[in-house]
Amino acid sequence: MRPDAQTTGARNTGAQSTSAQQDGALEVAVLVSVGRHPVTGRARRADQDARGVELALSLAGARISLLHAGALDEESESALRGYLGMGFPALTLVEQLPGADVIPALADRLSAARPQLVIAGERAEQGEGSGMLPYLLAERLGWPLVGGLAAVEKVENGVATLLQALPRGQRRRLQVRLPAIVTVDAAAAAARQSAFGPAQRGEIEAESAAVEWDEAQPEWNVTPARKRPKRLKIVKAASARDRFKAAAAKAEGGSGQVLTDVTPEQGAEAIFKLLKDEGVLR
Amino acid sequence: MLETLLPILIFSALALAVIGAVRRIRLWRQGRPARVDLLRGLAAMPRRYLVDLHHVVARDKVMSNTHVATAGGFVAAAVLMILVHGLGLGSSESMGPILGGLLLLASAAMFVGSLFVAKRRRNPPARLSKGPWMRLPKSLMAFSASVFLLTLPTLGILPAGTGSVILALALAAVLVWGLGEMFFGMTWGGPMKHAFAGALHLAFHRRPERFSTKGGEGNRSTGLKALNLDDPKAPLGVETPSDFTWNQLLGFDACVQCGRCEAACPAFAAGQPLNPKKLIQDMVVGMAGGSDAHYAGSPYPGKPVGEHAGTPHGPIVAREGTALVDAETLWSCTTCRACVEECPMMIEHVDAIVDMRRFLTLEHGNTPGKGAEVLDNLIATDNPGGFDPGSRMHWAADLNLPLIRDLGQVDVLLWLGDGVFDMRNQRTLRALVKVLRAAGVDFAVLGNEERDSGDVARRLGDEATFQSLAKRNIATLSQYRFQCIVTCDPHSFHVLKNEYGELGGPDFNANWVVRHHSTYIAELFEAGRLHFAPWKGGRVTYHDPCYLGRYNGEYEAPRNVLKALGIEVAEMQRSGFRSRCCGGGGGAPITDIPGKQRIPDMRMNDVKETGAELVAVGCPQCTAMLEGVVDATAEVRDIAELVADALVERPAGSGGSSDSARPPQSASGTRPVMKEVTS
């Protein structure tokens, strides 16, 4: 683990620090999407985006704006009001038709509003859900991007100190020059409860924007996702203690072997043998 | 000299009392408007006092008689004193001796009563408030004794010049004390305030239907009142004391601090930070503005008195820090209504608590514990566990239950409740299905069309989710025709029976006949449609679910079913309307406020005291809570399970259909005649 590893935005000239900084408030934009409940498929506030909003709320003195690009209908409105219920008077809706590519519209909106920090979830819960949006936005805007945040520790002099989540609870501290885009994943603090009163009173301020069609998407064939088969975990335990140990054990590559300096043939042979041993090939 | 002094004293006390009354009324009127029939309420007040209130007070015979003597004596003595000493009618030839004699009688009765009050105050139980209440018996004696003695010369029993001027003045001073407590204190916030506020509270009660009329019993009126969610200006619950309706504030002011609620409250007994009496007193403090430092009763467990303060228009629960009440106090309540049942002043504690919870959930978004998760699940999946609503009927895959969608019309709609996702409750449901089939009942279920009834959402203060669930359930139910709904969940039972009606519209009539399964089984048995083998097990006790008993008054049917099974119920000390909660209501297991012990543990101790090997229950919540007790001495079984186990086929030769020649067996009295099934 490298503490205080520096991530520098390669294309970030540093000249983009904005006028909003002058009054001391940190301008934060959170990109929020319409989520989809994993069991019932009902529209809801997306889990990761809501965590992003929670992250923004944890920043002292931040001026937070919520931004959604999409169409407004009954379903999406109830989901978007879920974000308002976390305590916001308004949410900006960049109006986009279904089937539009929202990245140009969002990029235009962001480069006009010039927030210092943009927070988004890792990936949407419906639609393409490729997780590419923050990257494409960062590319367009020329801002650095940090993925998988657990927390923002502080923002000082246009530099944010971030805590990035790594597997198994490890954290990496990073510094990034603002403006930047960050994404949060499930390691960030869970979103607070959405309250009905503020959710109903909050305004959804629609802004019209040019629509660019996503030309690749219509050519795709969309099918429902299938669950990947999972390897059965056979626990041969005689006692409760063994069962507990088996349940609590970390995944370990017990019988694995590291092959170094071998010929491609030897490597292929080893892989072939493993596949036969595991019963993948017969 | 006394002839001139007494009228001055009496009328100045009365004048001060009137000024105090105006001030007090202005305090109440800070509350929101409420639609109250003032005149009808005032007219009904004497009956509400003499019948309904006395019905509660009379549960404690000694205290009841004490109060009759003291209060009755005081009211009579006060009126007669104004006539005799205030208006000087005592010296008139014709009326004087009669009025004076009556005054002597009244003040003597009051004095005797106050002796009993004093006796109780010598070693007061912990539930009684101390402080100013400790001086009350002395004040009562001062008033009654001085009035008695001052009346003696008026009647000529003692010559007018008896004793010295000093003695007369001393007597007058004692009378001033008495008058001060009784008239001045009544409206300026002394212990006697309960009489003034209490009388008006009875007249302007927010649930007038609670009270009996000449025509008959009052209905129980236990359903919560709906919030108006369509009007964006309508407040969502109660934030400040002035957000209560004025008659709720009046009700809080009526509290006599007897602490019967405190003694009955399961959360208080478990050491959770709730004491219903203190909560009501805190509302009084908030209404007048100030701190709770003068409160002289038991505090909220673990929360010292004097750290909380509030104002009429300030928040009751602070977002951060302390205000009038801490949120965990409100979330400790199991909504078991034991306090409301015990309250001699007919105060509605549970309404107030849910009103304040509504604000915390709907405006603060601050439901503690697993509350937020459960509410999110209810919104997204229509059940609190977040299970796939399409898997509602998985438990009954082998039972081939008829769906009402296929039939359109049945006698009985079986409401399953969210227990379908709980493996323990599935056993109860299977047993109930077996019983219904044995009795040949024409029934069906909603299947996947059923949703959570909204009970938990509503008690957690989420009125929006409750109404959303309720309205969709009403729309579903109104598509079908059935004679009654039967459910084994008293919470669904209560909500369907008492809380959906208000939400039905012109299109949807949401008033159905709803029965708890114990009631329905008792009816089936009485109609001769069920036959039981004799009971072979050991001692059995029965635990009354709050939402069946106190909420809906059904104490008899479950006991009748047990009797029909041949079980003699070994009653717990706290049973029937005094049943102790299992700790599972009001979302309490979800918010999970820590205390010193667990409520279900205390209840299982009650069971243990009876020596029962089995406790019969009639509620999935109670089953879960009581079964969760470690090292319990008794087994927990639902009434449906006991009935299903005891089922035997119809004794041979008694015909096939339910209209058999055999006279229906009476559930009360005779043990059922049994025959072994031989073939």
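Just so you know, all these numbers are worked out from the coordinates, no wet-lab data involved. This is a predicted model, so every value here is computed, not measured. With ideal geometry, Cβ positions are generated from the backbone for all residues, glycine too; neighbour counts draw on all protein chains shown.
Here are some notes:
- Only Cα sites of segment B:295-430 enter the Debye sum here, all with the same form factor; the resulting log10 I(q)/I(0) across q = 0.13, 0.14, 0.15, 0.19 1/Å is -0.81, -0.88, -0.94, -1.18, listed in q order.
- Measuring r between the beta carbons of B:LEU167 and B:ARG47 and using R0 = 51 Å, the FRET efficiency lands at 0.70.
- Counting Cβ atoms of other protein chains within 10 Å of each Cβ in A:188-198 and taking the mean gives 6.
- Segment B:498-560 shape via C-alpha gyration tensor axes, a/c threshold 1.5: oblate
- From helices alone, chain B scores -13000 deg cm²/dmol at 222 nm; the rule is -39500 (n - 2.57) for each run of n ≥ 4 DSSP H residues, then divide by the residue total.
- Estimated FRET transfer efficiency (B:ASP398, B:ASP231; beta-carbon r; R0 56 Å; 0.05): 0.70
- Degrees separating the helix B:423-438 axis from the principal Cα axis of chain B, which is the longest one: 70 degrees
- Cleavage-rule hits, trypsin sites (Lys or Arg not before Pro), segment B:19-101, DSSP coil, Cβ neighbours within 10 Å at most 16: B:ARG29, B:ARG35, B:ARG59
- Chain B: antiparallel DSSP beta bridges as a percent of all, rounded to 5: 15 percent
- Summed side-chain charge close to B:MET186 - residues other than B:MET186 whose Cβ falls under 10 Å, Lys, Arg +1, Asp, Glu -1: +1
- q = 0.07 Å⁻¹, the protein assembly as shown: log10 I(q)/I(0) [Debye, one scatterer per Cα]: -0.78
- Helix A:47-57 and the longest principal axis of the C-alpha atoms of chain A enclose an angle of approximately 50°.
- Those GluC sites (Glu not before Pro) in segment B:263-355 that DSSP places in a loop and that have at most 16 other beta carbons within 10 Å: B:GLU307, B:GLU320
- Local net charge near B:SER492, Cβ-Cβ under 10 Å (Lys/Arg +1, Asp/Glu -1): -4
- Relative contact order computed over segment B:230-366 (Cα-Cα under 8 Å; 6+ residues apart), in percent: 31 percent
- Averaged over the residues of peptide B:377-383, the number of Cβ atoms from other protein chains lying within 10 Å of each residue's Cβ is 4.
- Average partner coverage of B:360-367, which counts Cβ from other chains inside 10 Å: 5
- For chain B, cysteines whose Cβ has no other cysteine Cβ within reach (under 4.7 Å): B:CYS255, B:CYS258, B:CYS265, B:CYS333, B:CYS343, B:CYS484, B:CYS488
- Seen against the Cα atoms of chain B and their longest principal axis, helix B:96-122 is set at about 60 degrees.
- Summary of packing: across the peptides B:638-646, B:107-115, B:571-579, the per-residue average of other C-beta atoms within 10 Å ranks them, highest first, as B:638-646, B:107-115, B:571-579.
- The Cα center of segment B:274-295 and the Cα center of segment A:154-169 differ in position by 47 Å.
- Label-reachable residues, segment B:403-434, where backbone N falls under 12 Å from a point 7 Å from B:LEU647's Cα toward its Cβ: B:429-434
- For segment B:565-589 versus segment B:421-474, the gap between their alpha-carbon centres in whole angstrom: 22 Å
- Of the trypsin sites (Lys or Arg not before Pro) found in segment B:272-349, those that fall in a DSSP loop while having at most 12 other beta-carbon atoms within 10 Å are B:ARG319.
- Beta bridges per DSSP with both ends in the protein assembly as shown, % antiparallel, nearest 5: 30 percent
- Charge tally in the Cβ shell below 13 Å around A:LEU93, where Lys, Arg are +1 and Asp, Glu are -1, A:LEU93 excluded: -4
- Across B:LYS225/B:LYS471; B:LYS130/B:LYS277; A:LYS230/A:LYS273; B:LYS61/B:LYS563, pairs whose alpha-carbon gap is larger than 23 Å: B:LYS61/B:LYS563
- Percent RCO, i.e. relative contact order, over chain B, from Cα pairs under 8 Å lying at least 6 residues apart: 12 percent
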